[in-house]
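See below for the structure under consideration.
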Amino acid sequence: MSQLTLDGASLPIRARDPETELTPAERQIWYYLKKIGPRTEKEIHLQPAFAKYSTIGNKLRSMRKKGYARSNPQPDSPQKWEAK
């Protein structure tokens, strides 16, 4: 796939594939956030499925760097994470 620019040039559009770009733990967290919606890091860690991961914050930041998660800072509460 590609997208045309104003001068007629064609730019390729990169297709995202979470199955190959994310680690198994990141993929599990990403699917959870897609299904449930925005959650804080603590709420994610309290889920029984994620209790085995001690570095939820590192996984969320890695997902944000790869473009699969977004953080929403809240004024007087912890930031919420959501899947893109």
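What follows draws every value from the coordinates through simple rules; no lab data is involved. This one's a predicted model, so the numbers in the text were calculated from it and none came from an experiment. Here the Cβ positions follow ideal geometry from the backbone for every residue, glycine too, while neighbour counts run over all protein chains shown.
Here are the numbers for this structure:
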read-out: Check: the chain dipole with +1 on Lys, Arg Cβ and -1 on Asp, Glu Cβ, in debye; value: 180 debye
read-out: Rounded, prolate or oblate (a/c below 1.5 giving rounded, otherwise prolate when a/b exceeds b/c) for the chain by Cα gyration tensor; value: prolate
read-out: Furthest towards positive pole of dipole, Q28, Q79, Y53, structure part segment 24-83, Cβ charges; value: Q28
read-out: Estimated [θ] at 222 nm from DSSP helical runs (n ≥ 4, -39500 (n - 2.57)) normalised by residues in the chain, nearest 500; value: -10500 deg cm²/dmol
read-out: Rounded to 10°, Cα long-axis angle of helix 24-36 versus longest principal axis of the chain; value: 90 degrees
read-out: Principal-axis tilt of helix 56-66 within the chain, Cα atoms, nearest 10 degrees; value: 0 degrees
read-out: Distance between segment 43-66 and segment 1-40 - C-alpha centres, whole angstrom; value: 18 Å
